[in-house]
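Everything on this sheet refers to the single structure shown next.
Where a number appears in this text, it was derived from the coordinates with a stated rule and is not lab data. Keep in mind it's a predicted model, so treat the numbers as computed, not measured. Using ideal geometry, Cβ is built from the backbone for each residue, glycine included, and neighbour counts are taken over all protein chains shown.
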Amino acid sequence: MKSKILDLIGVSAAVLCLIHCMAFPLLMLIPLGISHNPYIDLFFLAIGLIVVYRITKHISSFWLKSLFWISIVLIAISIGLDLFFHWHSELIFVGAAGLIMAHLINFKNHKH
């Protein structure tokens, strides 16, 4: 039961992260005086790391564990590139989509 709740939290955070990453560049086109804050991305990454760590402790499927961790690593690389080099990478989209898929697969595999 606890893993189902973690999957719901994880997929919710990943979807919000994906919406944030897709909508923010569009908002930059409108002269509102806002700028990108990479610490919001770090917040989503921290939530993702905690949830993925706790979920993958109990998963026996190697490919599902790999999907979770590869997705988190892609997001972390993208955020690192943004923080240190001010380069926005599309890896964050791939990582967020991977996390969403992994959470949905894990949620579907639960015994109800």
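If I stretch the segment between His20 and Trp63 completely, what's the gain in nm (0.36 nm per residue apart, minus their alpha carbon distance), one decimal?
Details: separation 43, 0.36 × 43 = 15.48 nm, distance 2.76 nm.
Net length gain for the segment: 12.7 nm.
Strictly greater than 14 Å: what percent of every Cα pair in the range 45-92 meets that? So the portion of pairs separated by more than 14 Å is 52 percent.
For the range 35-112, the set of trypsin sites (Lys or Arg not before Pro) satisfying both a DSSP loop assignment and a count of at most 11 other C-beta atoms within 10 Å is given as Lys57, Lys111.
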